[in-house]
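We did not get these values from a lab; they are worked out from the coordinates using the rules stated. All of these numbers come straight from a predicted model, not from anything done at the bench. Cβ atoms come from the backbone with ideal geometry, glycine included; neighbour counts cover every protein chain shown.
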Amino acid sequence: MFGIYLRPSWFGACFTQYVLFFSLSFQIHGDFVLISGDTVSNMSLTQALQEHKDRRKKDANAIMTMVVKQSKPSPITQQSRLGTDELFMAINPVTKQLLYYEDKAEYSKGFISLDKTLIADNPSVILHNDKQDCYIDICSQEVLSLFTDNFDYQHLRRHFVKGLLVDDIMGYKIFTHEIHSSYAARIDNFRSYDTISKDIIQRWTYPFVPDVLCGSSAIKVERQGTYRASDVTLSRSAQLGSFSFIGQGTKIGNDTKISHSVIGERCTIGSNVTIEGSYIWNNVTIEDGCQLRNAIVCDGVILKSGAVLQPGVILSFKVVVGQQFVVPAYSKVSLLQQPTQQDSDEELEYADSTNGTGELR
């Protein structure tokens, strides 16, 4: 199936991160590219790498180059609506040095405060709130050492980057590289999952597009940005709307309407079903008369006849929704055992498949 699956396990992530950085510091002997695993991009790194190397020759304290992109609202690709908090960056327009970095998650007083020395030491400063952090960084080896030495760093941006910007002792500097025609965006929430998935379907990320990403599966690209596997069984009366994807081995019944949605592999969709703006993963069964709008449905889910998923619903693996049941908007339903303590670092495991599946009635 086409799509990026969000199945992270965050517990113990900080410990793993420190071990990883500590291990890498003994193996990397030069510049390296640090990229978030949930970033989608088709940019060439050549220019950013060269800029970083040129700066390093002139200034050994230039240890990082961050890739940024201007967020531009568009009726086709909503790059300004990734669901992330508003980002404030101060950049020297001449040198491209990053002078200030603040995201709204740490910003609650209704205003931002700039150190007066920032203005005094830089003849020209531009404060941006229209930049998008692509989470692609060109780093020097010092980054690994700094992260290893500072065990209180838990977040690459809020702690490491901001810590460097206010550190007057070491004198390390971070610079930015802005891309314009290339695509780069990070999926770290459900809105960005939806936005970036639509951008992929609309081919803004070429060559990373559905008919290429699906590899050996034969995918036909049809009119209005519709993708369909060669062995899909589609009823003559079914309506497949624009910017939709239907995966291998999926069957779709009579008078079913699908638009702006992704349907995975080996799904069975009955008759008189309406699916709009939704993401249906693999091996999902949707019986007759169901309605889904702006929902995410994971592997193995069963929706029995007449079930309704209101906007924003997320159904995790193997959830069963009973006949005529209406799942309220923005509900998240999972078989995953919930933590008994909020701050627990203990790994949680999925419910044993031998115990059957949960059902909403």
- Task: Please give, to one decimal in nm, the separation of the simple spin-label points placed at Gln323 and Thr46, each 7 Å out from Cα toward the Cβ.
- Result: 6.3 nm
- Note on the structure: Long-range amide H partners of Val284, meaning residues 5 or more apart or on another chain whose placed amide H is closer than 5 Å, are Cys267, Thr268, Gly300
- Note the full-extension length gain between Arg203 and Ser334 as 0.36 nm times their separation in residues minus their Cα-Cα distance, in nm to one decimal. 43.9 nm
- Query: If r is the Cβ-Cβ distance from Arg236 to Glu142 and R0 is 45 Å, what FRET efficiency results, to the nearest 0.05?
  - Reply: 0.10
- Can you check what the net charge comes to around Ser278, using other residues whose Cβ is under 10 Å from the Cβ of Ser278 (Lys, Arg +1; Asp, Glu -1)? -1
- DSSP-defined antiparallel bridges as percent of all bridges, segment 166-300, nearest 5: 15 percent
- Shape category assigned to segment 209-333 from the gyration tensor of Cα positions, a/c cut at 1.5: prolate
- Message: Could you tell me the calculated FRET efficiency between His180 and Ser113, based on Cβ-Cβ distance and R0 = 25 angstrom, to the nearest 0.05?
- Response: 0.20
- Message: Taking the Cα centre as origin and putting +1 on Lys and Arg beta-carbons and -1 on Asp and Glu beta-carbons, what dipole magnitude results for segment 209-333, to the nearest 20 debye?
- Response: 60 debye
- Using modelled backbone amide H atoms (1.01 Å from N, in-plane), which distant-in-sequence or interchain residues come within less than 5 Å of Phe175's amide H? Met64, Thr65, Met66, Leu98
- Note on the structure: Over 24 Å (Cα to Cα) among Lys96/Lys116; Lys69/Lys198; Lys198/Lys220; Lys57/Lys131; Lys69/Lys96; Lys57/Lys116 -> Lys57/Lys131; Lys57/Lys116
- Query: Can you list the chymotrypsin sites (Phe, Trp or Tyr not before Pro) in segment 176-259 that are in a DSSP coil and have 15 or fewer other beta carbons within 10 angstrom?
  - Reply: Phe208
- Sorted by chain and number, the residues with a modelled amide H under 5 Å from that of Val308, at a separation of 5 or more or across chains, are Gln291, Phe325, Val326, Val327
- Item | Full-stretch length increase - Val33, Gln224 - with 0.36 nm per residue and alpha-carbon distance subtracted | 65.1 nm
